[in-house]
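So the structure is just underneath, and the comments pick up after that.
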Amino acid sequence: MDFYETINKRRTIRDFANATIDDATIRKIIEAGMKAPTNDHMRDWHFIVIQDKQTVQKLIEKIPMKISNEEVNAILQDWNLDDACQQRAYRNAIPKQYQMLAEAACVIIPLFKQKTDILHPDNLSHLNGLASIWCCIENMFLAITAEGYASALRIPLEDEGDWARAVLKFPEDYLMPCYIAVGKPAEGIKDIEQKPYSLDNVIHYNLW
Ligand SMILES: Cc1cc2nc3c(=O)[nH]c(=O)nc-3n(C[C@H](O)[C@H](O)[C@H](O)COP(=O)(O)O)c2cc1C
């Protein structure tokens with residue numbers, strides 16, 4: 001797949017068909033991740049690849065399986081989301097958090113080493129490890145797309161990261177930035193509307 005075709009095709013998909021993914025493809029996706037830029041030249045990243053459904057179920061136990069419209073409304077209010085397009089996107093995404101991971105062909109947990117307290121950084125450079133793993137994650141998303149699969153991600157909330165560490169047994173000094181769901185898109189799903197933008201509005205030549 002051509003690079004720009006891959007860029008344009010990559011979309012977050014939260015409805016997966018019943019499908020599998022082979023190890024060779026998973027390795028290509030992770031290899032693409034490992035090619036991403038890195039702040040400290042170490043690429044001290046690990047990836048837990050989970051295809052065993054029982055392990056996935058244990059891992060996602062803390063994520064609400066069902067969420068009512070009232071609960072979604074409360075979340076939108078709590079997060080101060082007042083843009084209509086943004087609200088529609090969240091209304092679509094919030095109820096699918098459990099399902100997208102449960103139904104994925106595989107769940108990948110990327111891990112990066114964090115030496116300082118990430119929630120209390122002294123300066124921006126203390127977040128470089130987090131920034132680098134996100135470069136890695138985007139490379140993986142593009143590779144997933146190029147391989148004919150689709151992806152979704154979830155940021156772990158509350159104690160989900162600690163729970164994941166207990167279930168998957170990764171070391172204390174590694175952090176999980178997100179869950180990655182990989183699968184074949186379900187048939188007939190519609191793209192989620194994105195907030196329109198104009199390049200002319202966002203590019204500033206020489207001065208803002
Ligand atoms: C930092 C970050 C955090 C995100 N958190 C979540 C999340 O917790 N759950 C989820 O379903 N999607 C999450 N997403 C996916 C976004 O909702 C999605 O990328 C966005 O709606 C744009 O759609 P697209 O990926 O199809 O272009 C996150 C994306 C980013 C970059």
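The numbers here are math on the coordinates, done by the rules we state, and not lab data. Remember, it's a predicted structure, so these values are computed and weren't measured experimentally. Heads up, the Cβs are rebuilt from the backbone with ideal geometry, glycines too, and the neighbour counts pull from every protein chain shown.
Just a few scattered comments:
- Stokes-Einstein D in µm²/s, Kirkwood radius over Cα pairs - the chain at 4 °C with 1.567 mPa s viscosity: 70
- Around the amide H of residue 11, modelled in the peptide plane, lie the amide H atoms of 151, all under 5 Å away and 5 or more residues distant in sequence or on another chain.
- In the chain, Cα pairs under 8 Å separated by at least six residues give a relative contact order of 36 percent.
- Farthest positive-ward along the chain dipole, Cα basis, beta-carbon charges - from 97, 56, 37: 56
- Excluding same-chain neighbours fewer than eight residues apart, the aspartates and glutamates reachable from residue 28 by a Cα-Cα span under 17 Å are 2, 138, 147.
- Estimated at 0.36 nm per residue, the fully extended path between residue 77 and residue 3 surpasses their Cα-Cα distance by 22.8 nm.
- In terms of packing, defined here as the mean over residues of other Cβ atoms within 10 angstrom, the peptides 196-205, 39-48 line up highest first as 39-48, 196-205.
- 26 Å Cα-Cα threshold exceeded, pairs from 96/190; 113/184; 9/113; 9/58; 53/169: 113/184; 9/113; 9/58
- Relative contact order for segment 123-208, counting Cα pairs under 8 Å that sit 6 or more residues apart, in percent: 29
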